[in-house]
1. Rounded to the nearest Å, what's the spacing between the alpha carbon centres of region 148-208 and region 293-314? Just the number, please.
2. Cross-link list LYS39/LYS117; LYS110/LYS324; LYS87/LYS119: which exceed 27 angstrom alpha carbon to alpha carbon?
3. Would you list the P(r) distribution for region 274-321, with all Cα-Cα distances sorted into 5 Å bins from 0 and each bin expressed as a whole %?
4. If each residue of separation counts as 0.36 nm, what is the full-extension length gain between ARG267 and ALA208 once their alpha-carbon separation is subtracted?
5. How are the Cα pair distances of the chain distributed, in percent, across 20 Å bins from 0?
6. Could you work out how much longer the chain between ALA108 and CYS327 gets when fully extended? Use 0.36 nm per residue separation minus the Cα distance between them, nm to one decimal.
7. Where does the chain land at 222 nm, in deg cm²/dmol rounded to the nearest 500, when only DSSP H runs of n ≥ 4 count, each adding -39500 (n - 2.57), divided by all residues?
8. Throw me the Rg/Rh for region 181-221, computed over C-alpha atoms with Kirkwood Rh, two decimals.
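The values are calculated or read from the model by the stated rules, or taken from the named source; none is laboratory data. This is a predicted model, so every value here is computed, not measured. Cβ sites come from the backbone with ideal geometry, for glycine too, and all protein chains shown count toward neighbours. For the accessible areas, the whole protein counts, side chains as well, though only heavy atoms, and no ligand, DNA or RNA atoms are used. Shrake-Rupley method; radii C 1.70, N 1.55, O 1.52, S 1.80 Å.
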Amino acid sequence: MKKSSLTRTGALLATAALLAGCGGQVGDTGGDAEQTDNKNLVLVTGTQNEPFYISLRCGAEAAAEQAGYELTTQEPAKFDATLQTEKVNALIGDPPGALIIAPTDENAMKAPIQQVKSKGSKIVEVDTALADESVAASSISSDNTEGGRLAARTLAELVGEESGSVLVLDTIAGTSTTNERAAGFEEELKNHPNLTSIGVQFTDNEPAEAAGEVTAAISAHPDLIGIFATNLNTGEGAATGLRNAGKIGEVNLVGFDASPSEVDGLRKGEFQALIAQDPAAIGRQGVEQAVAAIEGKPVERKITADLHALTQENMAANEEYFYKQQC
C-alpha cells in the first residue's frame, strides 16, 4: 500500500532533520526525481554481438528475473559514442527505473546519461565509466590498471630472460577501461628491463586495424617479442596479423578477455595468455546495485570484479571464465 504524499513528505523532512542533527546529509541515490515503483531496467552495452557484452547481459538478465524486474537491452551497432548516444536519448521520453550502461566515451557520454538521470532514472555503470564520478550511483568493473599490470607480468614470465620490443594495442582514446589497461601494462613493463615498449597504437576497436598495426610493428621492429592487446577485438586482430606474417608462436601474444575465438586461439597456441574478466558477475552486480538504488537501499559506489590469467596449462580448470556467444 502506498503512503499518502503528506505522510511521505513528513517522513522525508524528519529524515533530513535527523541527518542534519548528526552532521550527515541526504545522499544522491542516482536520479533527480523519484521512480521507486518503476521496475523497468535498461541495459545499454558498448556494442552488439560481442561475447563480453553477451556474457554481461546474461548475468544481468538472470539477476533481473530473480529480483522481479524487467530488463531490456539496447546495443549500438559498433563501439561508438554517437551511436550509443542515440540509444540513450531514446530513453528520455520514457525513462526506466534505472539505466545500466557501459559508456563508450568517458566524457562524450556524460551529457546524454545526465539527461536520463534528470528524468528520475538511477544510473549504474558497468565495465566502463564516466570521468565525472558524480553521475552514477554505482560503478562495477574490473581493476583495469591492475589487469594491465598482470598482463605485463604474465608476458615477462613467458619470455624469461629473452630481450625484445613490445607493442601495445589499445582501442579508442577516451575509453576508460582499455586506456587503463594500456597504462597499467606500460607502468609494469618498466620493471622488466629486458622488455622495451615501442608505444601504444590505437585501433578504433577494429580487428583489421589491429592486424595492420601488428604487420607494421613486425616490419619496423625485427626484435618484436611480445604484444599486449587490450580487448578481444584488438586481440583477434593481432592474432590475424601474426598469422599473416608467419609469426604465430614467435611473438608472444597476451590478450585481454576470453572470447570464444580467443580461447580457441589460446588452445591452438596463437595466444600465449589471456587476461579474463568475469562479465557475467559484472552484469549481475550492475542489476543488483540498480535495484538497490531504485528501492532506496544502500548502494556500493565502486565494485571491483576479479581478473584471471589464463594459459594453456590452466585453461581447462578455468572454463567458467570463458565468454559466451548466447545465454
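1. Answer, in whole Å: 23.
2. Working: LYS39/LYS117 16 Å; LYS110/LYS324 29 Å; LYS87/LYS119 16 Å.
The answer is LYS110/LYS324.
3. 5, 19, 23, 16, 12, 10, 8, 5, 2, 0
4. 19.0 nm
5. Calculated P(r), rounded to whole percents: 32, 50, 16, 2.
6. Values: separation 219, 0.36 × 219 = 78.84 nm, distance 3.07 nm.
Full extension from ALA108 to CYS327 adds 75.8 nm.
7. Numbers: 10 runs with 135 residues, N = 327.
That comes out to -13000 deg cm²/dmol.
8. Details: Rg = 11.8 Å, Rh = 11.5 Å.
Rounded to two decimals, Rg/Rh equals 1.02.
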